[in-house]
1. Mind telling me which of the residues A:LEU261, A:LEU307, A:LEU343 ends up being in contact (Cβ under 8 Å) with a residue 24 or more places away in the chain, surrounded by fewer than 22 Cβ atoms within 10 Å (Cβ to Cβ) and not polar (S, T, N, Q)?
2. Looking at region C:161-180, is at least one residue over 20 Å from B:MET36 (Cα atoms), at the interface with chain D (Cβ under 8 Å from one of its Cβ atoms) and assigned to a helix (DSSP H, G or I)?
3. When you go through (1) under 15 Å from A:MET148 (Cβ atoms); (2) open to solvent by less than 10 Å² (accessible area, probe 1.4 Å); (3) without any contact (Cβ under 8 Å) to a residue 60 or more places away in the chain one by one for C:GLY379, which number turns out not to apply?
4. Filter region B:44-65 down to the residues that are surrounded by 21 or more Cβ atoms within 10 Å (Cβ to Cβ), within 9 Å of chain D (Cβ to nearest Cβ) and under 23 Å from the mean Cα position of the chain (by Cα) and list them by number.
5. Condition test on A:SER153, is it touching a residue at least 24 places away in the same chain (Cβ under 8 Å), open to solvent by less than 10 Å² (accessible area, probe 1.4 Å) and more than 18 Å from the chain's Cα centre (by Cα)?
6. Could you check region A:134-193 and list, in sequence order, the residues that are within 10 Å of chain C (Cβ to nearest Cβ) and basic (Lys, Arg)?
7. Are any of the residues in region A:84-100 touching a strand residue (DSSP E or B) at 6+ places or on another chain (Cβ under 7 Å), within 24 Å of C:TRP393 (Cβ to Cβ) and away from chain C (no Cβ under 14 Å)?
8. Which residue is nearest to the other protein chains (Cβ to nearest Cβ), if the candidates are limited to region C:40-81 and must be open to solvent by 40 Å² or more (accessible area, probe 1.4 Å) and in a loop (DSSP other than H, G, I, E, B)?
Amino acid sequence: MTLSAGILILILSPGVILCKKRWSKIYPILLSLLGLIYHHFLSVESSFVVKFFGFKLNLFSYRLSGDILTYAFLIFGLCVYIFLWSKEKDRFYYMFTLWQVGAAAAILFVGDFLSFFIFWEVISLSSVCILFREAGLSLTGRYFIYQMFGTVSLLIGIGLNYAHTGGMDLQVNTGQLFFWLAIMVKGGVIPFHYWLTSIYPEIRLETTVFLSAYTTKVGIYSLAILLPLMDLQIFGGLIAVIGVIYALKQHRMSRLLAFHLISQMGYVIASINSQIMYGQIGAIYHLINNIFYKGLLFMVAALLMDLFQTDDLMIIRGRGRRYLPLFIITLIAAGSIVGLPGLNGFISKSLIKKGLTNSLTANLLTIAGIGTALSFIKVLYYGFLCVNDQKQSSNSLRVKWHQYVSMSIIGLVCCLIGLFPFLVISRFDLTVNLFNWTDLWKGIWPIILAVILFITCFPQLNKLILQITPDLEGVFVNARRIILVQINLGLKHLQRLHSGNVQHYLVWIVLTILILWTYIAIMV
Amino acid sequence: MELIINSTIIILFILGLYGLLTQRNIIKLAICFNIMEASILIFFLTVGYKPEGSYPIIRPEVDSYVQPLPQALALTAIVIGASTTALMLAFAIKLYKRYHTLDIDKLRRLRG
Amino acid sequence: MNHILIWLIVSPIFLAAVTHFIKKYLVNFGFLIFLSVSIVNTCLSLLVFLESGSDILVYRVGNWSIYKGIILVADKMSLFFLLFMQIIFFFSLLFSKGYVKNDHGTFFSLFYLLQAGLTGMLLTGDLFNLYVFLEIVSIVAYALVAYDKTDHGLEAGFKYLVLGSVASLIILWGIGIIYATTGNLNLAIVAGLMQNLTPLIKGGVFIFFFIGFGIKFALFPFHPWLADAHASAPSPISALLSGVMIKIQLYSLIRIVTVLYGIDYIHDLKLNIVFMSLGVGSVLIGHLMALKQTNLKRMLAYSSIAHIGYIVIGLGSISPQGVVGAFYHMLNHGVLKIGLFYFAGTLIYHLNLKQIKDLKSLFWRNPFLSIMFCIFALGMIGIPPLNGFFSKWLIIMGVADAGYVIPAVIIAIGSFLSLIYYLRVVVIMFEPARKLEERFRIDPFFAIPIGAMVVCSILLVVFGSQIHLILHEIMLFIRDNSTYIQAVLYS
Amino acid sequence: MLYSRTVIIIMLSGLFLLALLTFAELPPIFYDFADKTSVYIQEGVVDTGVTNQVTAILFDYRGFDTLGEATVIFAAALIISYFAPRKKAPMLGVRLGVLVRYGVASILPFILIFGMYIIFFGHISPGGGFTGGVVLASIVIIFDITFGFGQGRVHLLSRDTKKSIESIGLVMFILIGIWGVFFEGAFLANSSTLVEKGTLGEFVSGGMIPILNIASGLKVGAGLAIIFNNLVKEN
């Protein structure tokens, strides 16, 4: 009987409320460190099953991919808590974020639907609590409704499965559509991404770091647990491309990163259910990488926000050049996300491409790669490189040391698992050498192409993209309005039926007696 | 004979129900309710009835009595029905004071 | 020990009768008597529940044999509900003490008559006695709904009175026909004589009981009175009616159907479909109507209708998990809905807030109340760590397991709908205050019951496994009516 | 009108047909349930010691039902006196004539004796607590109609007294029940410790049944008087 690290964190998380001011900042760091150490020494054969309400709650059943993801979740959590050191956050904030970390780490190991569902909901609930303290209530409410939509379809799916098999094992036999819907909502995948792109820009960016690292990742990872047989290659490729195209349009860092998050998830979706070993490992690897470099990028955005009170690249316009360490870190993160050899993104993208069986998807992913490179060259250029002709404002804000520490740790991890991929891959009993010329070239040429495109014709390209892309959010808003109007009409009709006249109610009763009595008289 | 008694009971009940569904005056509703109740009281009395039976006070000279239990039940039902009717009338008085009408169709502030 | 059963019924009637004599001292000294009697009754019902174990207690009133007199039967199911009811009544007493402003004597008399009637309904083993207690409950409920003497209260009370007395008549028809065909009124004896009934009569009586009790607990086409009545009643009464009374009326139906007809009858006639369709109707109508309400208590009342739908769906599935889930949901919904009505009542008492839009920025004025509301609302929606989730889960799984996919889907969608309307309230409540609003303090008579309901709902989860065991036992007990019949016949 | 009269008639005729079908299968109306329910006729006298079997059932075999029934009247009286306490009578604004007043005044004692007789002899002759209670209530009602309106109104019993009588009736009923618990081991058990069982057919017979009769008579009389007075007039 062994708890998983996530459940340990969940159980200990209320302790943060008891902590005094300074300790409330140290407590989460210590807790995630403890979780990390605890997890490291966890035995593979251990399990944890409790009986509850006539169901067996299988809270810990070892899963290899989950094991590696737990490391990523906890290391990242540790870094974020270090990053948050100087921010004024109260104890409840820490508790809710610890819930998020704990539930995300716990769900990786669950073995039955009930506990899966519980942790799935704890993740939504904790993110709602976090959001509620950051964003407006109406926004949180919208987020909650989106999440509940996913939850309800998950619940329906589980019900269908239970009807089919009579068991609670984490194995989908029927009703794949509902599970797919739930995962898509949770993961913020394109037709259901509205909550992601509308909420991330509205909240504090350090909170976005949390949300981006856990909620969506868990959603996409569930694809591997729940729907291992669903072939989503072309779907994933399309999402990668569409996400990138919309990302290119943006000039606010947070929106841009949000669309890139969607796009990168496209890579994972494309290959997480691949029948080839490379593809699956690549997908898991990409998830881990995504946690790190996307988190790093959000941290950079948060710092830019702190320094310049905006994350709009067109307003920053190269003012970031004064912060050289920040630039280096951004370079590492951007290099990772575009797949520069020597950094972790290269490894996962190469593995994913090896795992594809569909040539169309491969081409789509290449296009997405070019787009990613383009947009991050844009970030680097407008954020740090370009010469600002306006008068420099004389703010003397400095980046805090602990922020550099936490970012350097993440950057270091990016480099480390980029240069020595066997650190991760060897756990899967797989050896692969990607540092040969063909793979290197495959990784590099989209970047070179992107650099050339950026230098030669970026303004024209930008204009083209603005013209051809439809306004997705407008469509959403319109659709929502039309649906609401229809529902309202129906409800009004229903209200009119409840006219307040007792005799009408009596007529309903008599009618029901008549129908039921006839039914019985026929049945007997 | 049974058909007649049965249909009397049912028709009484249905008549009361018809009144309940169509009459708009609250007082009339109370009356209709009493008619419906009368039908079930008749039913109770027919259940224990014996053609040659005497009232159930045991005397040495009589050996056939009607069933006492349905009568007791009917008595209880009468008392309960009377209480309900009284309550209805009290409500009627009170509602008339507030709404200045006895029309059930006008008592419709609660709807939707 | 058996005398405890009769004590639990008679002591409230006695209190109601003597209230007239101690009217002057009610506010202080008399209330202490009430409180102590309530505590004693709660402890006694706990004692009976723990002591009885798995045997069935039969109390012959007046020492007559079961063929002649009336009996009280206490089995696991009725004792469990009895304990639940006594606890709720204890907290309602506290809440009423704070809430009721005038004429304490009448209010507490009626309050205790309601308690006596409900206890009698739970314990009686005789059909006509059940009717008598049902009438006590109903008459008192009609009056309590209109207790405030407001226009809405009187109108709602009258509508409830009309529909409720028609329901009583229909139930009386069922009892009368049963007596006419079997010549007996004792549930256990009648159950043995049910084969005397021709199928048509058997079905007809079933319909009478089903419709009659259906009106009493507000199943789908008979639901409109509930929204009016529970919204207009004084809040402690709304809480009692919603949380306890309709559950116990549902309990009576379960008792009659399971003992007299048995589970097989429902299978044979495919009555599951009837239960399911009416339950689905309740869920949909309740949630959809709640969406459009502007009055907080009316919204809560429509939500009660929907939750009755959940319970009926769970019971109708007849799968073990569905039935257990339905029983568990009765408790959960009871506790949560009572908490919500207490919340509404506290606001009405202190600030005279009735509409949802009046709740604006409540959080900044009283954080305690708002947090409590959030907990109750999350529980009602069915968010995992709270108790509402587990019962809903059990119902959905049980229903799906029995092969009814659509009801399971409807329940899941229903929780989505309920999210929307509860969230609306929460959003309004947490709206940032423009100017610094004055905080208000609430009486301990209001705060204690609300806090207690939260504690209850947490305890229902913490002791979930034990409760599940008890409910499972109850489920097995009602699936097989021979246990009951044997226990009564050979008592 | 949302539902036209035709629809209602069609529905009700459908109901009529179904009910007729069902009732046709009931056992014959004069059906004798052989040994099942005539048990009261055969053993009632020996069991309870009273000859009036309806009273025996009401106050002994099913006394608990009667307690509930008394509670219903108690509740109804309580509710009505709470809801509709009327201050002014809309009818009978003028005093009744001399003939009526003196006539009624001379009749009332006889009605009282009649009501008492029905209550006290309820266990051996037709009647009982309920019927007698109604007769007693009629005294209050007639008196109030005759003397309680117009100028110079006089009331037989004040509102508080009536309530007290009613409450005492209910309390008495319960106490007698509890007496049974202590002396016979069951609630409402017929005990001969207070009253001799006596010989069958005598005035003193039936143990507690006559006392229960008195209790319920007081209760019903006072309850009905309260209901009437509140619906019509009350000070």
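The values are calculated or read from the model by the stated rules, or taken from the named source; none is laboratory data. Predicted, not measured: the structure shown is a model, and the values here were computed from it. All Cβ positions, glycine included, derive from the backbone under ideal geometry; neighbour counts span all protein chains shown. Ligands, DNA and RNA are stripped out before the accessible areas are found, and what is left, the full protein with its side chains, is counted by its heavy atoms. Shrake-Rupley method; radii C 1.70, N 1.55, O 1.52, S 1.80 Å.
1. Just one listed residue meets the conditions, A:LEU307.
2. No, there is no match, as no residue in region C:161-180 is over 20 Å from B:MET36 (Cα atoms), at the interface with chain D (Cβ under 8 Å from one of its Cβ atoms) and assigned to a helix (DSSP H, G or I).
3. So C:GLY379 meets the others, but not (3).
4. Matches in region B:44-65: B:VAL47, B:GLY48.
5. yes
6. A:ARG142
7. no
8. Out of the qualifying residues, it is C:TYR67.
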